[in-house]
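Here is the structure we will look at.
The values are calculated or read from the model by the stated rules, or taken from the named source; none is laboratory data. As the structure is a computational prediction, the values presented were derived from the model and not from experiment. Note that we place each Cβ from the backbone using ideal geometry, even for glycine, and neighbour counts take in every protein chain shown.
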Amino acid sequence: MTSRHFLLILCMMGPMREALSLNLTTPSVELQNLSAVPMGCSQDVPSIFYSLCDLNAAWGIILEALAGLGIICSLLLAVIFLALAPSGMRDERKGSLGINFMFLFGVFGLFSLVFAFIIGPNTAVCEVRRFLFGVLFALCFASLVAHSVRLNYLALHNHGPGGGLIFLLATGLFLVEAVINAEWLLITNVRHNLPSAISIGHPCNIDNQDFVTSLVYVMFLILAALIIPCPVLCGHY
C-alpha cells in the first residue's frame, strides 16, 4: 500500500515540475506586450501610432512638435486675415482675400500631412500620403500663380481683376492635379489588385516613375509661380 502511494506521488510530481519550469522560464503574454510598448506610449495606443509618443525615437516627437507649430501659425494667420478683411476697403485688396485663404489652407494641410508620414503605414495611410502630397502642393502653388496673374493685371491696367475670377483661376489650376492624382491612385490600385500582379508586399511601395509622373504638373506650377511675377518684379511701374 505504501509503495502504491509512493508511485502515485512520483507520477504527480512530474507534471507539476514541468508546469513550474514553464512558468519560470516562459514570460507571460502580458509581459511580452508590455515590453513591446515603447517608453512614453500607453498600452492602449495602437502600434501604428508609436512613433508619435516613443521617447527612444525622438524624431517623431520633434516632427510632431514642428508640424503642430506650423498648424498653429497657419490658423493664427487665417484669423489675422479675417480680422483685417473689413479694413481693406479697396477692391484691389479684397480681390486677393480668397486666394490668400486658399494658400493658408494648403499650408495648413501640408503641416497636417506630416502626421500621416510619422505614423505607421497601412493601406489607408499610404493612399492619403500619395493623394494629398501632390494635391496640397498644387493648392499652394496654384494660389501663387493666380496671385501672380493678378499682380501683372494690376500693374498693366491700374486695377486688379475681380476676386471671384482669380479664385476660379486658382481653383481650376488646383483641380487639374486633383484629377491627376485621383486617376493615378485608381490605376495603381487596380494594377496591384489584379490576380496576375506580383505582390508588392508593403502598401507604400510604389514605383519612383509613377510618383514623379504624378508630380509633373506640380513642377509646372512651381515654374509658373517663379516666371509669371518676373515682369512685375523687374519692370518699372
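Among residues belonging to segment 38-57 that are over 15 Å from VAL114 (Cα atoms) and of a type in the set (Gly, Ala, Ser), point out the one that is modelled with the lowest pLDDT.
GLY40
Can you tell me which residues in segment 206-237 are at pLDDT below 80 and crowded, with 16+ Cβ neighbours inside 10 Å?
Correct list: ILE206 only.
Contact list please: Cβ distance under 7 Å, first residue in segment 138-161 and touching a residue at least 40 places away in the same chain (Cβ under 8 Å) and more than 22 Å from GLY106 (Cβ to Cβ), second residue charged (D, E, K, R) and assigned to a helix (DSSP H, G or I), pairs at least six apart or on different chains.
Pairs that qualify, where the first residue is touching a residue at least 40 places away in the same chain (Cβ under 8 Å) and more than 22 Å from GLY106 (Cβ to Cβ) and the partner is charged (D, E, K, R) and assigned to a helix (DSSP H, G or I), are LEU154/GLU92; HIS159/GLU92.
State which residue is surrounded by the fewest Cβ atoms within 10 Å (Cβ to Cβ) when the search covers only segment 131-183 and only residues that are part of a helix (DSSP H, G or I) and touching a Lys or Arg at 6+ places or on another chain (Cβ under 8 Å).
It comes out as GLY163.
Report yes if ARG150 is under 21 Å from the mean Cα position of the chain (by Cα), basic (Lys, Arg) and modelled with pLDDT of 80 or more, otherwise no.
Against the criterion (under 21 Å from the mean Cα position of the chain (by Cα), basic (Lys, Arg) and modelled with pLDDT of 80 or more), ARG150 does not qualify.
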